[in-house]
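First the structure, which I've put down as structure tokens, then a few questions once you've had a look.
The values are calculated or read from the model by the stated rules, or taken from the named source; none is laboratory data. Every value quoted in this text rests on a predicted model; they were computed, and no experiment measured them. Virtual Cβ from ideal backbone geometry, glycine too; neighbours counted across all protein chains shown.
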Amino acid sequence: MKSYALLGAPKQLWPDDLKQQFLIANRTGDLVIGVDRGALLLQEMGIKVDVAEGDFDSLQKNELAEIEKKIADIRYSNPEKDWTDAELVIRCAFLDYRVSHLTLFGATGGRLDHFLSNLFMVLKPEFNQFAEKITLIDQQNLISFYNAGKHLVKRQLGYEYFGVVNLTKVLNLNINGAKYNLAKFSSANPVSFSSNEFLPEKDAFELSFKRGVVAVVQSKDINRFQNI
């Protein structure tokens, strides 16, 4: 079983097919988690929510009552908590429901400090074991995480470019089978190798490194005139 969760980033940063992805999750029996107002927004889209999590301070009493009436597993958190919303979702999905993969929507937009917290959470020892099973998706980007080793990174439908970012010290980082390859790169500081591209004849590239944690950001351009 996989899991899909909606956090609190602005609606304009949601992927265009967000509703469809959650409807598919309902049909396939995957776990759907709504965080705070995200639970209400999912319900308003006709999505069945399995778990609601948050302090719910952004909801009116009648809105919270609607959530409590329709969702069996509701987890109330203290606003002054030690865990971020995304970290609470990770704990719920992997530790309680034992899912095989978690996709987070609404985790990258809005406040920059929130985004950075969600980007770096896989570096914490208690969450690093799940790093390669977590994906962050917004309107323009798909972010996946990798621990040391050799990986085949597959191109996801609709994404034209990718970037490779070492989030920690990295040793012997290699990119092979892409438009721009990289060999035996090491650094004590984070570096973003951006604007790389998949080769037309290949749907994947090879990523390998001996030490560290790396994020791969698959991205696409958005028509800047689409909302005018």
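For region 178-208, which positions are on the phi > 0 side of the Ramachandran plot and buried (at least 16 other Cβ atoms within 10 Å of the Cβ)?
Scanning region 178-208 gives no hits.
Output the number of the condition that G158 fails; it satisfies all remaining conditions of (1) at pLDDT 95 or above; (2) part of a loop (DSSP other than H, G, I, E, B).
Among (1) at pLDDT 95 or above; (2) part of a loop (DSSP other than H, G, I, E, B), the lone unmet condition for G158 is (1).
How many of the residues in region 141-176 are free of Cβ contacts under 8 Å to residues at least 40 places away in the same chain, of a type in the set (A, V, I, L, M) and surrounded by 15 or more Cβ atoms within 10 Å (Cβ to Cβ)?
Counting residues in region 141-176 that are free of Cβ contacts under 8 Å to residues at least 40 places away in the same chain, of a type in the set (A, V, I, L, M) and surrounded by 15 or more Cβ atoms within 10 Å (Cβ to Cβ) gives 1.
Then there's this: From the set of residues in region 83-142 that are aromatic (F, W, Y) and in a helix (DSSP H, G or I), which is nearest to T28 (Cα to Cα)?
F94
Please work out if K2 is under 16 Å from the mean Cα position of the chain (by Cα) and not β-branched (V, I, T).
So K2 fits the description; yes.
Oh, and also: Scan region 42-63 for residues that are buried (at least 19 other Cβ atoms within 10 Å of the Cβ) and either outside the structural domain of Q20 (by TED's automatic domain parsing) or farther than 16 Å from K19 by Cα (or both) and jot them down.
V51, A52, E53, G54, F56 - these are the residues of region 42-63 that are buried (at least 19 other Cβ atoms within 10 Å of the Cβ) and either outside the structural domain of Q20 (by TED's automatic domain parsing) or farther than 16 Å from K19 by Cα (or both).
Still on this structure, I have one more. Condition first: buried (at least 16 other Cβ atoms within 10 Å of the Cβ) and part of a loop (DSSP other than H, G, I, E, B). Now tell me which residues in region 8-41 satisfy that.
The answer is G8, A9, W14, P15, D30, D36.
Need the failing condition index for F56 against (1) in contact with an Asp or Glu (Cβ under 8 Å, 6 or more places away or on another chain); (2) in a helix (DSSP H, G or I); (3) among the aromatic types (F, W, Y), just the number.
Evaluating F56 over (1) in contact with an Asp or Glu (Cβ under 8 Å, 6 or more places away or on another chain); (2) in a helix (DSSP H, G or I); (3) among the aromatic types (F, W, Y) leaves (2) as the failure.
Here is a further query. Of all residues being among the charged types (D, E, K, R) and at pLDDT 95 or above in region 184-219, which is nearest to S144 (Cα to Cα)? Just the residue, please.
Top of the filtered list is E206.
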